[in-house]
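The values are calculated or read from the model by the stated rules, or taken from the named source; none is laboratory data. What you see is a predicted model; the values in this text were computed from it and never measured. Note that each Cβ is placed from the backbone with ideal geometry, even for glycine, and that neighbours are counted across all protein chains shown.
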Amino acid sequence: MRLTFIAYLLFMTISPNPQKILQTVFGYDSFRHNQQEIVEHVLAGNDSVVLMPTGGGKSLCYQVPALCLPGVTIVVSPLIALMKDQVDALKVNGIEAAFLNSTQSPAEQSFIFKQLQANRLKLLYLAPERLMGNETQFLGFLKQIQVSLFAVDEAHCISQWGHDFRPEYLILGQLKESFPGIPLIALTATADDLTKQDIIHKLHFTEYKVFENSFNRPNIYYYVKPKSNYYDELVSYLKQHKDDSGIIYCLSRAATERLAEDLKSDGFNAEAYHAGIEKNLKDERQDKFLRDDIKIMIATIAFGMGINKSNVRFVVHVDLPKNIEGYYQETGRAGRDGLHSEAILFYGAGDVMKLKKFAEVEGNAAQTKIMLQKLDKMSRFCETKTCRRKFLLNYFGEDAEDYCGSCDTCLNKPVLKDCTVIAQKFLSTVARVNERFGVRYIVDILKGSNNEKIKEEHKKLSVYGIGKDASKEEWIHYAKELIYYDYLALSDGEYPVAKLTEKSRAVLYQKQKVYLSAPVHVEIAKEPEIYQQHTYEKELFESLKQLRNRFAREENVPSYIIFSDSTLLDLATYLPLNTNDLLKISGFGAYKAEKYGNSFLETVQDYCSENNLQTRIELRQPKRERKQKTSSANERASDTKRLSFKMHKEGKTIAQIAEERNLSLNTIETHLSYYISQGELEIEDFVLPHKQQVIKKAAELFGPESLRILKDNLPEEITYGEIRMMLAAMNKIA
Ligand code: ADP
Ligand code: ZN
């Protein structure tokens, strides 16, 4: 009762202005992406389709309007678990919200009906079948009360083109006819065009606006690592992330069970989750995971759809996902709170073979072909030597820069070394078997393998066994490198055969030198860096977490519903010492401040007096949120780029910026290149005219894709940075 009453008072005292509601009720400084535009569009009574990546902040797009509008907002959502979570999160902000579903008793349900009749609820969550099903009387009921807005969450479920079609969503097509004057907002994190068009069509939208956002998740770092011996690597990673929550995805139920057993016996707090586990146990494990009582969930893809947990710090795939869509969705469950998170995939070519068999859709050749193409893209993602983020974004039809600085390929630009002898050995073997065998066969000959598949005559070749000094994996690596640099080609067909190329003949007959990257062992960053402008008090952060978890246990909700890690991090950084300053912390709305404020303040105050610290609240500026696509280049750029740009504008040289920021020259050049490509900096300020000419010429000759090839073919004194900047200038958007 106390809860509703305070919320009611709060609601009466603030005028329903979106900005104010954002600040007072939710405790956030500013809208993110294009939330504000969307909210205004909804409040003007219009229909909208919102495409925003996971963690982007879709919920606020209808929750803020819901609080501005006089009646109730009906939110259609596919999963019961998700509903409860959302309603809990609203309630801790003092908002009257409820859900209706089959798990409730008749008494509970009739209480909610009464609340609706009395216009006491701001938001009501339900499943689509509840809205329409056989109980059409529910629609009749809704017509008698004041409904202000319909929100359809996970709207891609309405489309057969999406990856998660739910037939019961089709009935939502009736909404526009049944409630012609009431705005409808459809939200999804699925980006592709076909699904988008289908949503519009199936919801019977006529006048509407589509709001799109970049699907980039800058706080997620992407790594792909070799699968052989992954277990040890995984264990050492988990040891370094003991306090973090994470999800590990496996392909099969049995594999999740096995891995869970292994990790448990190695002392980790891990459990398995898959569709074959009995419902109660499954719910219990999910709940414990949400409450941080289970740290690591080892799951099949059955897990995650309803998971709103914001502090998932890592997502590991120990098996290859079937397609990029799935991979992106699963990795997207990391870092909803915007803090540094990692996506790690252990890749082995064996997985591709295994999945190829699964891709077969019986009696449907066309569908099989699509599945195989998607799988092929997935393995290409793993094998790419270019930026993984760019690969992903391009896949979803979005442009991206060549260098993100936060994926393994960007972080480990390979150093080329002279591999002429290695190349000669490999290529001459290909020649000696008359270009009629695959890469693995060649490697077997090089290794002098006794494999019975090796023909007797090949065992007599002079190349048999000349490659014993390198491991099989290393030879496979070099073969890939040779293919990558066009020293070797593969024939089409089911069993690709290694073929020589123009370039390989030059190596074999003219002794041309070959430079390849050595097999690298990619290190994953030791400790996740937390991207904060200012340093934070680690010990305090931990105490605040404990305090939060205590409240969560008392109220029987997941801890992130009380406060996200990023709110606690803000507290541990800016050290507010009074209520006024507390309200400046992101995530502290008026209601939460009143309810929990004193406890958190006390913890901060105690810590500060023990450690002789002052408040740092004056350092805190309203967070700059990522902006939508149409903003200016500077607003769109990441903070780190922006800072380099700013320093350049202050008259600093690249070297000075690099030194002050403790970053490489290369990084600063990449930052500034971005502004050149956006037309906000001039190439003349960085590269002399005669150099511009030759770089341009080389790019025309060799193509602009590989910096390394250009560098190799340009005079020594031209640096990578100059090439990069010139390419940016050539790419300048008009
Ligand atoms: P989505 O549904 O798009 O996956 P959510 O709506 O769950 O994302 O939002 C993700 C997180 O970001 C939540 O913790 C939410 O409170 C937070 N958030 C959303 N909008 C803002 C904002 N404007 N400022 C600060 N935090 C926000
Ligand atoms: Zn990258």
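Condition first: charged (D, E, K, R) and out of contact with any Phe, Trp or Tyr (no Cβ under 6 Å at 6 or more places or on another chain). Now tell me which residues in region 267-308 satisfy that.
Narrowing region 267-308 to residues charged (D, E, K, R): 271, 278-279, 282-285, 287-288, 291-293, 295.
Listed by number, the residues that qualify are 271, 278, 279, 282, 283, 284, 287, 288, 291, 292, 293, 295.
Of everything listed in (1) crowded, with 22+ Cβ neighbours inside 10 Å; (2) outside any loop (DSSP other than H, G, I, E, B); (3) within 16 Å of ligand 1 (Cβ to nearest atom), the single unmet condition for residue 333 is (2). Look through region 17-40, keep the residues that are in contact with a Leu (Cβ under 8 Å, 6 or more places away or on another chain) and under 18 Å from residue 91 (Cα atoms), and return whichever of them is nearest to ligand 2 (Cβ to nearest atom). In this case the residue turns out to be 28.
Return the residue satisfying two criteria in turn: it lies in region 377-392 and is closer than 17 Å to residue 321 by Cβ and not basic (Lys, Arg), and of such residues it is nearest to ligand 1 (Cβ to nearest atom). By that ranking, first place goes to 392. Exactly one residue out of 438, 467, 448, 405 is without any contact (Cβ under 8 Å) to a residue 40 or more places away in the chain and away from ligand 1 (no atom under 16 Å from the Cβ), and it is 448.
Where in region 452-538 are there helices (runs of 4 or more DSSP H), lying fully within it, with 3 or more residues that are of a type in the set (Ser, Thr, Tyr), closer than 30 Å to residue 619 by Cα and at pLDDT below 85? If you could, list the steps in order and put the result at the bottom.
Values: elements: 456-459, 472-484, 502-510.
Filter on region 452-538 gives an empty set.
Taking the conditions (1) in contact (Cβ under 8 Å) with a residue 24 or more places away in the chain; (2) under 29 Å from residue 556 (Cα atoms); (3) assigned to a loop (DSSP other than H, G, I, E, B) in turn, residue 276 satisfies each one other than (1). In region 184-208, the qualifying residues are those that are surrounded by fewer than 14 Cβ atoms within 10 Å (Cβ to Cβ) and among the charged types (D, E, K, R), and the one that is nearest to the chain's Cα centre (by Cα) is 193. Screening the candidates 396, 381 for the property of being touching a residue at least 12 places away in the same chain (Cβ under 8 Å), under 20 Å from residue 193 (Cβ atoms), within 16 Å of ligand 2 (Cβ to nearest atom) and not assigned by TED's automatic domain parsing to the domain that holds residue 639 yields one hit, 396.
Out of all the residues in region 416-433, is one or more over 27 Å from residue 493 (Cα atoms) and either among the acidic types (Asp, Glu) or in a loop (DSSP other than H, G, I, E, B) (or both)? Looking through region 416-433, at least one residue is over 27 Å from residue 493 (Cα atoms) and either among the acidic types (Asp, Glu) or in a loop (DSSP other than H, G, I, E, B) (or both). Looking for whichever is within 30 Å of residue 344 (Cβ to Cβ) and out of contact with any helix residue (DSSP H, G or I) (no Cβ under 6 Å at 6 or more places or on another chain) here; the options are 406, 449. Which one fits? Exactly one of 406, 449 is within 30 Å of residue 344 (Cβ to Cβ) and out of contact with any helix residue (DSSP H, G or I) (no Cβ under 6 Å at 6 or more places or on another chain), namely 406.
Hey, can you tell me all the residues within region 312-339 that are under 19 Å from residue 32 (Cβ atoms) and at pLDDT below 90? Residues satisfying the conditions are 336, 337, 338, 339. Residues in region 286-316 that are in contact with a helix residue (DSSP H, G or I) (Cβ under 9 Å, 6 or more places away or on another chain) and among the aromatic types (Phe, Trp, Tyr) were compared, and the one that is farthest from ligand 2 (Cβ to nearest atom) is 303. The single condition among (1) more than 31 Å from the chain's Cα centre (by Cα); (2) in contact (Cβ under 8 Å) with a residue 12 or more places away in the chain that residue 57 does not satisfy is (1).
When the residues of region 549-567 are filtered to those that are in contact with a helix residue (DSSP H, G or I) (Cβ under 6 Å, 6 or more places away or on another chain) and in contact (Cβ under 8 Å) with a residue 40 or more places away in the chain, the one that is nearest to residue 290 (Cα to Cα) is 558.
For the residues 165, 215, the requirement of being farther than 28 Å from residue 390 by Cβ, aromatic (Phe, Trp, Tyr) and within 24 Å of the chain's Cα centre (by Cα) singles out 165.
Evaluate region 396-407: report whether one residue or more is exposed (fewer than 15 other Cβ atoms within 10 Å of the Cβ), in a loop (DSSP other than H, G, I, E, B) and more than 15 Å from the chain's Cα centre (by Cα). Full working, then the answer.
Here is the first cut: in region 396-407, the ones exposed (fewer than 15 other Cβ atoms within 10 Å of the Cβ) are 397, 399.
So of that shortlist, the ones also in a loop (DSSP other than H, G, I, E, B) come out as 397, 399.
The next check asks that each one be more than 15 Å from the chain's Cα centre (by Cα); those that pass are 397, 399.
Yes, some residue in region 396-407 is exposed (fewer than 15 other Cβ atoms within 10 Å of the Cβ), in a loop (DSSP other than H, G, I, E, B) and more than 15 Å from the chain's Cα centre (by Cα).
If you take the residues of region 179-233 that are farther than 18 Å from residue 44 by Cβ and small (Gly, Ala, Ser), which of them is nearest to ligand 1 (Cβ to nearest atom)? Step by step, filter region 179-233, then rank; the result is 189.
Would you say residue 239 is buried (at least 18 other Cβ atoms within 10 Å of the Cβ) and of a type outside the set (Phe, Trp, Tyr)?
Details: buried (at least 18 other Cβ atoms within 10 Å of the Cβ): no; of a type outside the set (Phe, Trp, Tyr): yes.
When the stated conditions are applied, residue 239 does not pass them.
Of the residues making up region 39-53, just one is within 11 Å of ligand 1 (Cβ to nearest atom) and either surrounded by fewer than 19 Cβ atoms within 10 Å (Cβ to Cβ) or within 25 Å of residue 119 (Cα to Cα) (or both), namely 39. Checking each residue in region 407-436 for being at pLDDT 90 or above and within 16 Å of ligand 2 (Cβ to nearest atom) picks out 407, 408. Which count do you get for residues in region 99-123 that are over 13 Å from residue 84 (Cβ atoms) and part of a helix (DSSP H, G or I)? Matching residues across region 99-123 total 11. Before we move on, is residue 115 surrounded by 15 or more Cβ atoms within 10 Å (Cβ to Cβ) and either touching a Lys or Arg at 6+ places or on another chain (Cβ under 7 Å) or at pLDDT 90 or above (or both)? Answer is yes for this residue.
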